[in-house]
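Down below is the structure, laid out as structure tokens.
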Amino acid sequence: MPLFTRENARQYQARAVVARKSRATYAEPESPPSPQVAGTDSYSEARLSRVRRQLDRLDTMVERETDPMKLDKLASAQARLAEQERLLAGRPLPGSRRPERERPKRQWASMVDFDPQPLMPIAEAPNPAPVES
């Protein structure tokens, strides 16, 4: 006996709609969690402002410097400070966070008229006879 028949197909479809609507994936999208920003206390804010001032100083030093060895040291110091500034400001690395997609509203789910009456019991299929080899 088949599991789905013309008589019980509508009931199973209504059950499936209710199950889909109750899942979290079909619920209203929540706002994405805000990244953990290290600059929430006064020390982190003060540290961030010091790092930014130091980066500004390094920028002026790089513009005036002509010695290649000193330029290399200044550039490596600038890279280290830029990484600190990125972490203190709470910015992610490029490509590590995707923009959120717009999800279309599920119009078909609201159009289904569900009748909450008890459903027919499913007829159990008989166990097949064991095959002997």
Worksheet item: Any idea what the alpha-carbon Rg over 2.2 N^0.38 Å comes to for segment 41-99?
Response: 1.33
Discussion item. Could you put TYR43, TYR12 in order of accessible surface area, largest first, with the 1.4 Å probe and the full protein assembly present?
Written reply: TYR43, TYR12
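The values are calculated or read from the model by the stated rules, or taken from the named source; none is laboratory data. Because the structure is a prediction, the values reported are computed rather than measured. Ligands, DNA and RNA are stripped out before the accessible areas are found, and what is left, the full protein with its side chains, is counted by its heavy atoms. Shrake-Rupley method; radii C 1.70, N 1.55, O 1.52, S 1.80 Å.
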